[in-house]
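J.: Dropping the structure in here first, questions after.
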Amino acid sequence: QVQLVESGGGLVQPGGSLRLSCAASGIIFSGYAVAWHRQAPGKQRESVAVISSSGYTNYPNSVKGRFTISRDNAKNTVYLQMNSLKPEDTAVYYCKSVRGRNEYWGQGTQVTVSS
């Protein structure tokens, strides 16, 4: 059974940092592209970072320069380092892994940016 488990969310002040983790079981993460998505209340889910199996990364302009996605294949884990957080980054953050037609999602972790 495939499971993706996110952790590391929480409450942080504007300008602060968080590092999210996505740990996989039941699959070998290194063979999958992995993306972080977020969904704020009343808004559509959006992608904020993606890393390919070969390590290629991509970000939308809204987070470029602030967020960094990385992977530790030995730990079967992908990370999202988030710096200079803004209130508009508040959302539930999900990780997703994709390989061909196989797609798996985690349950999400809440990130709240507020003073």
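No value in this document is a laboratory result; all are computed from the given coordinates. Everything quoted here is computed from the prediction, not taken from an experiment. So basically every Cβ, Gly included, is an ideal-geometry build from the backbone, and we count neighbours across all protein chains shown.
J.: At 7 Å along the Cα-to-beta-carbon direction for both Asn83 and Arg99, put a label point, then send me their distance in nm to one decimal.
T.: 3.2 nm
J.: Relative contact order for the chain: what is it in percent, counting Cα pairs under 8 Å that are at least 6 residues apart?
T.: Values: 282 pairs, mean separation 41.9, N = 115.
Relative contact order, the chain: 36 percent.
J.: Related question: Over the Cα atoms of the chain, what is the Rg over Rh ratio if Rh follows Kirkwood?
T.: Rounded to two decimals, Rg over Rh is 0.95.
J.: Something else about it: Are there trypsin sites (Lys or Arg not before Pro) in the range 66-115 that DSSP marks as loop and that have at most 11 other Cβ atoms within 10 Å, and which are they?
T.: Sites meeting the loop and neighbour criteria: Arg101.
J.: In the range 24-115, which chymotrypsin sites (Phe, Trp or Tyr not before Pro) fall in coil by DSSP and have 16 or fewer other Cβ atoms within 10 Å?
T.: Tyr56
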